[in-house]
Amino acid sequence: MLILIINSGSSSLKYQVREIHDDGSEPDQPILTKGLVERIGVPGSGIPDHAAALEQVDAHLEEVLAGRTIDAAGHRVVHGGERFSAPALVTMEVIRAIERLAPLAPLHNPAAAQGLRAITARWREMPQVVVFDTSFHQSMPEEAWRYALPDALYTEHGIRRYGFHGTSHDLVTGVAAQTLGIERDQFRAVVLHLGNGASATAIRDGKSVDTSMGYTPLAGLVMGTRSGDVDPSVITQLISRGIYTAEQMDHLLNKESGLLGLSGNADMREVVEAAEAGDTAARTALEVASYRLAKYVGGYHVAVDGAQAIVFTAGIGENSAPFRAAVLDRLGALGVQYSAELNEQRSGEPRVISTPDSAIPVLVVPTDEEQAIGALTLQVAQQHGKL
Ligand code: ADP
């Protein structure tokens, strides 16, 4: 079976065609083709919107699939609000619900809805499934998702913590529990998804009970270009003093901060290299980022009543041994001990990098959001008798 996986960013569209068997397993080489359309909606790019981008994708697929047809499409959608606590089969009503959630993700949800409408128009009979970044975190208790703000902000404007990277946190939680031989519904862990965007999630009984991103993906950890947590008054003061407009401030916090703001470089590899070469700004960036993350791990260890695992995933979590070491070196108070040798070893497999006497096992688990979306697409389409 062939599944088209679509990840619509605000101005980009990533896609993959994956082969998947009826039972959800995949062949050794599951990816038939993949690609990226960029600069959507940018004047002069010739790609006015996501519907036009999909036409390009369609033309490319016709060439490479040599007569085979796509059986289903799975879409990553950033925001499912409180409406979606699980992936959903696409209907016109579901597309409208995604559009209604646009105030929560003004750049992403309209782009996703446009892609959904374009595919529905092009392949009327093909089942489509939407997988939300937020839905895994709908299990959080109110004490974790409420902000201490007047009630009307929640009831009238939906201002609350939603959390993101849910597909990855969910997948990695399952793999980590399995690797340790613990039943998922009894598993307590702190999962660290560290990519360009980064978030930590507290897992209890295999479910999300807290997460570091909030109303938007700006909150929490120090990221490639995002600030993570800052005192909200910094923002209101700089705007009220007329130093920045709200729009400039949004850009500053999302695109000019984090590792980039601190060190001049958003890429962890380059920050680590610069720090090793003695660049003090790069060293500070690593210290701020690893200290912030270690504080979250300590907090979430409490939130889950004692984690049975600390799990690293995504680009930095899977590949940056120096950053993992910088975080783990700060967790001595939790009895965490890791093997420098295991930490340095490169592998694409889930693995334990702590020593046997560590109070909490430390794991590295590769994530694959596209694979997870493919599997969920098949599952939901089958549940509805569409495949
Ligand atoms: P995205 O959030 O865009 O999916 P990724 O999960 O691909 O991001 O993570 C990107 C980050 O991973 C970058 O900061 C990059 O420096 C880091 N990274 C990727 N490969 C390595 C590596 N071999 N060593 C250290 N860091 C790496």
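Below are the figures for this structure:
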item	result
Any hit, the stretch 300-319, residues being more than 23 Å from Arg204 (Cβ to Cβ) and open to solvent by less than 20 Å² (accessible area, probe 1.4 Å)	no
Test: residue in the stretch 156-170 that is more than 22 Å from His75 (Cβ to Cβ) and either within 16 Å of the ligand (Cβ to nearest atom) or of a type in the set (Asp, Glu) (or both)	yes
Members of the stretch 7-31 found to be aliphatic (A, V, I, L, M) and either surrounded by fewer than 17 Cβ atoms within 10 Å (Cβ to Cβ) or modelled with pLDDT under 95 (or both), listed by number	Leu13, Ile31
Top-ranked residue in the stretch 32-59 [being of a type in the set (Asp, Glu) and open to solvent by 30 Å² or more (accessible area, probe 1.4 Å); ranked as farthest from Arg117 (Cα to Cα)]	Glu38
Options Glu62, Glu99; residue that is more than 30 Å from Val172 (Cα to Cα), open to solvent by 20 Å² or more (accessible area, probe 1.4 Å) and assigned to a helix (DSSP H, G or I)	Glu62
Boolean, Glu82 is closer than 18 Å to Gln383 by Cα and over 16 Å from the mean Cα position of the chain (by Cα)	no
Pairs, first away from the ligand (no atom under 16 Å from the Cβ) in the stretch 266-283, second part of a helix (DSSP H, G or I), C-beta under 7 Å, six or more apart	Ala281/Leu262; Ala281/Ser263; Arg283/Ala275
Sole exception among (1) more than 12 Å from the ligand (Cβ to nearest atom); (2) under 22 Å from His21 (Cβ atoms); (3) buried (at least 17 other Cβ atoms within 10 Å of the Cβ) for Pro366, by number	(1)
Within the stretch 109-196, helices (runs of 4 or more DSSP H) holding 3 or more residues that are open to solvent by 10 Å² or more (accessible area, probe 1.4 Å) and farther than 27 Å from Ala381 by Cβ	142-145, 151-157
Of residues in the stretch 254-265 being touching a residue at least 24 places away in the same chain (Cβ under 8 Å) and under 22 Å from the mean Cα position of the chain (by Cα), the one nearest to the ligand (Cβ to nearest atom)	Leu259
Condition met for Ala289 (more than 15 Å from Ile360 (Cα to Cα), free of Cβ contacts under 8 Å to residues at least 40 places away in the same chain, within 15 Å of the ligand (Cβ to nearest atom) and touching a helix residue (DSSP H, G or I) at 6+ places or on another chain (Cβ under 8 Å))	no
Residue list for the stretch 296-346, filter: within 16 Å of the ligand (Cβ to nearest atom) and outside any helix (DSSP H, G or I)	Val311, Phe312, Thr313, Ser320, Gln345, Arg346
So Val302, is it of a type in the set (A, V, I, L, M) and closer than 24 Å to Glu369 by Cβ	no
Output for the stretch 318-353, where each listed residue is closer than 20 Å to Asp305 by Cα and not β-branched (Val, Ile, Thr)	Leu328, Arg330, Leu331, Gly332, Ala333, Leu334, Gly335, Gln337
Sole residue being under 28 Å from His108 (Cα atoms) and assigned to a helix (DSSP H, G or I), chosen from Ala73, Ala51	Ala51
All positions within the stretch 1-41 that are under 13 Å from Ala111 (Cβ atoms) and over 23 Å from the mean Cα position of the chain (by Cα)	Gly41
Any chance Arg269 is open to solvent by 50 Å² or more (accessible area, probe 1.4 Å), charged (D, E, K, R) and either out of contact with any Lys or Arg (no Cβ under 6 Å at 6 or more places or on another chain) or not in a helix (DSSP H, G or I) (or both)	yes
Residue pairs meeting the criteria (Cβ under 6 Å; at least 6 apart or on separate chains; first at positive phi, in the stretch 123-147; second assigned to a helix (DSSP H, G or I) and of a type in the set (Asp, Glu))	none
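The values are calculated or read from the model by the stated rules, or taken from the named source; none is laboratory data. As the structure is a prediction and not an experimental result, all values here were calculated from the model. Don't worry about glycine lacking a Cβ; one is built from the backbone with ideal geometry, like all the others, and counts go over all protein chains shown. Quick note on the areas: whole protein, heavy atoms, side chains included, nothing else; ligands and nucleic acids left out. Shrake-Rupley method; radii C 1.70, N 1.55, O 1.52, S 1.80 Å.
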